[in-house]
Amino acid sequence: MALLDIRNLTVKIKTDEGIITIVDRISLTINAGKILALAGASGSGKSLVMQAIMMLRKDNVIYYADRFKLDETDLLKLSSHQRRRIIGENTSFVMQEPKRSLDPSLKIKAQLYEVMPKIKWYRFFTRIKNFIKNTKKQTAVALLHRSGIKDHRKIMNSYPSQLSDVECQKVMIAMAVASEPKILLLDEPIVNLEIASRFQVLKLLDKYSKNDHTAIIIISNDIASIYNFADEFAFMYAGQIVERGSRDQIFKNPRHPYTASLIRSMMALSDPGQNKKFIPVLKGKHPDYKHMPIGCRFGARCRYAKRICNKMPDITMSKNCQYRCHFPLPDGALNSDD
Ligand code: SF4
């Protein structure tokens, strides 16, 4: 049984020009201890999926789903208050740009103490107040150490502006795991980091996933960096998951032309002998959410498009992967010039 099981999640936004569907019936499952990467260009709806899972509700956003189960609890049968409580107890979210997510006016120490599970009764027992205070400090130090920060004194007594980007990211991860969540969601955790720092952050997350069986859903456009890190990949294009499957299946034999074009660019960029002038670039523009084509959303940019692509392709399930395309690529297509 999957730890998180979401079926046909749809996210709509109310605008002055009417209601626009951004995320269109996407389905996701993840098991404990597994890492799922959500990849795809900016604007494909990945962050909205994360926000929908966390139920971070803004007034102009509407969410629907046919199924939303977390650890066997059917959240759709609960009140919104109960739903938010269960989500809050079981999941943590690390947003983009850690420096901006941290409170600039508080030292890291205070921000760490704030996210630790509250022990409300201690204030009535003066004699154990200090004991609790010490325990809090020890827990904060242990969290920082587990998150790869050795000099905890410096970090605890610093303001976010005094820390580097990677230190802020590690602090954010320490804060996110303080409540021992079953699911950790991260939105672009390695963007703007140097290569060595990216590796440190991914290694740290991998450790949490393996040691604590935390399920991790990570958004990243940097598929070259996360290639070895995620067990499964889901590629989004224009609000839909166009392909999803195990890392080995997708990177060896992608079925969807969009996935294949991203992987080809990744391979060319990672090849030191490749002339950067000849890196394959996807031509054309991402469709406008206000005027989505009725057929395949990738159609205008797809070199394999045919008349039938004016009809929306259904999701095809095959061994180890699923894709949305009328003409899936055959095995070996990634390395052919066709
Ligand atoms: S359905 Fe047609 S247009 Fe869409 S990706 Fe497949 S081949 Fe290309």
Self-check item: Qualifying positions in region 282-294 - closer than 18 Å to R25 by Cβ and either open to solvent by 90 Å² or more (accessible area, probe 1.4 Å) or of a type in the set (G, A, S) (or both)
Solution: I294
Self-check item: Any pair with Cβ under 6 angstrom, 6 or more apart, that starts in region 309-338 at a residue that is at positive phi and ends at one that is buried (at least 16 other Cβ atoms within 10 Å of the Cβ)
Solution: N320/G245; N320/Q249
Exercise. Please find, within region 246-270, the residue that is farthest from the ligand (Cβ to nearest atom) out of those that are crowded, with 24+ Cβ neighbours inside 10 Å and over 18 Å from H286 (Cβ atoms).
Key: I250
Exercise. Could you please tell me which pairs satisfy a Cβ distance under 9 Å, a separation of 6+ or placement on different chains, a first residue in region 60-86 that is more than 15 Å from A2 (Cβ to Cβ) and among the polar types (S, T, N, Q), and a second residue that is surrounded by fewer than 15 Cβ atoms within 10 Å (Cβ to Cβ) and modelled with pLDDT under 90?
Key: S80/R57
Quiz item: Restricting to strands (runs of 3 or more DSSP E) lying wholly in region 1-118: which have 1 or more residues that are over 22 Å from the mean Cα position of the chain (by Cα) and surrounded by 15 or more Cβ atoms within 10 Å (Cβ to Cβ)?
Solution: 18-30
Exercise. Would you mention how many residues in region 304-327 are basic (K, R) and surrounded by 10 or more Cβ atoms within 10 Å (Cβ to Cβ)?
Key: 3
Exercise. Take region 199-213 and flag every residue that is open to solvent by 10 Å² or more (accessible area, probe 1.4 Å) and under 15 Å from the mean Cα position of the chain (by Cα).
Key: L202, D206
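Okay, residues lined up against (1) touching a residue at least 24 places away in the same chain (Cβ under 8 Å); (2) open to solvent by less than 40 Å² (accessible area, probe 1.4 Å):
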residue: D151; (1), (2): no, no
residue: K154; (1), (2): no, no
residue: S158; (1), (2): yes, yes
residue: E167; (1), (2): no, no
residue: K170; (1), (2): yes, yes
residue: S179; (1), (2): yes, no
residue: L184; (1), (2): yes, yes
residue: E188; (1), (2): yes, yes
Quiz item: Among the candidates R301, R297, which residue alone is within 9 Å of the ligand (Cβ to nearest atom), open to solvent by less than 60 Å² (accessible area, probe 1.4 Å) and touching a strand residue (DSSP E or B) at 6+ places or on another chain (Cβ under 7 Å)?
Solution: R297
Exercise. Those residues that are touching a His at 6+ places or on another chain (Cβ under 8 Å) and among the aliphatic types (A, V, I, L, M), I need them from region 30-57; list them, please.
Key: A32, A41
Practice problem: Output the residues belonging to region 230-252 that are assigned to a loop (DSSP other than H, G, I, E, B) and closer than 20 Å to A2 by Cβ. | Solution: A230, D231
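The values are calculated or read from the model by the stated rules, or taken from the named source; none is laboratory data. On a predicted model such as this, the values are computed, not experimentally measured, just so you know. Glycine gets a Cβ as well: all are built from the backbone with ideal geometry, and neighbour counts include every protein chain shown. These accessible areas exclude ligands, DNA and RNA; they are computed on the full protein's heavy atoms, side chains included. Shrake-Rupley method; radii C 1.70, N 1.55, O 1.52, S 1.80 Å.
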